[in-house]
1. With Cα extents along the principal axes in Å in mind, check (i) 63, 34, 25; (ii) 50, 32, 31; (iii) 54, 48, 28 and report the label derived from this structure.
2. Roughly how tilted is helix 132-141, in degrees to the nearest 10 and between 0 and 90, from the longest Cα axis of the chain?
3. Add +1 for every Lys or Arg and -1 for every Asp or Glu among the other residues with Cβ under 14 Å from the Cβ of ASP171, and state the total.
4. Could you report the accessible area of TRP196 in Å², rounded to 10, computed with a 1.4 Å probe on the protein chains as they sit in the structure?
5. Computing the accessible area with a 1.4 Å probe over protein heavy atoms, can you report the carbon and sulfur percentage for the chain?
6. Identify which of GLY109, GLY49, GLY101 has the largest mean-square fluctuation in a Gaussian network model of the chain, with springs joining Cα atoms closer than 10 Å.
7. Across the range 121-131, in residue order, what do the Karplus-derived ³J(HN,Hα) couplings come to in whole Hz, using 6.51 cos²θ - 1.76 cosθ + 1.60 with θ = phi - 60° and x for Gly and Pro?
8. Net charge near LYS203, counting Lys/Arg +1 and Asp/Glu -1 over other residues with Cβ under 10 Å of its Cβ?
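The values are calculated or read from the model by the stated rules, or taken from the named source; none is laboratory data. Predicted model only: the values in this text are computed from it and were never measured. Glycine also receives a Cβ, built like all others from the backbone with ideal geometry; neighbour counts cover every protein chain displayed. Quick note on the areas: whole protein, heavy atoms, side chains included, nothing else; ligands and nucleic acids left out. Shrake-Rupley method; radii C 1.70, N 1.55, O 1.52, S 1.80 Å.
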Amino acid sequence: FYQASTSEMFGNVNKKIINENDKFNPVSPYGTSKLYSYWIVKNYRESYGIFAANGILFNHESPLRGETFVSRKITMNVARRYHGYNDILYLGNIYSKRDWGHAKDYVEGMWKMLQYKKADDFILASESATSVKNFVNIAFKKIGIKLFWKGKGLKEIGYDKKTKKNYVKIDKNYFRPNELHYLKGNAKKAKKLLNWKQKYSLKMLINEMVKEDIEKIS
């Protein structure tokens, strides 16, 4: 049995890199509910010996990600720009940092957890934290647009360096009530015991998402 846990269970733990032994401190209803699922799986595993694994996955993305998630929201906006649309990309906390990887790598990790000789809990992560702002920069660069940023706080704007047109703005409505500022996972355990490793870099992931969205819109 595989239980899909989440890095959001850790909340703002104020650690540079998080492992399976770190304290949980969720700051969202999603993270809190996932924490119950995590513990009930451990309870049943330890009480009845069932083969049940918790996969604590940090952000895993792909072209199949829903359009309300910030990663796909960004790549869809970039794809629309490529096709001549002029939609402004509105974002919340662009300085929030996440540990992003490709869902293909993480699904392979899920499978490996269930093939291992003993049921256990594993973190899957890229071991790199990237800001939303940098994600945006990489995505726009894929279509030949270099952004430069001006202003602070809610007045910060991302411009096309060449045309000086506004492409990205900040909207206070997209800030979370209790902000999760930083997540970076330590996947050492999964790498050592499961022989798990990533095949996709963040740049490869973003380029694939942008390419797929360009094709979908066309």
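1. Comparing each candidate, only (i) matches the computed number.
2. 60
3. Value of the local net charge: +3.
4. Counting only protein heavy atoms, the figure is 0 Å².
5. 52
6. GLY49
7. 10, 9, 8, 10, 7, 7, 6, 9, 9, 10, 6
8. Result for the local shell: +1.
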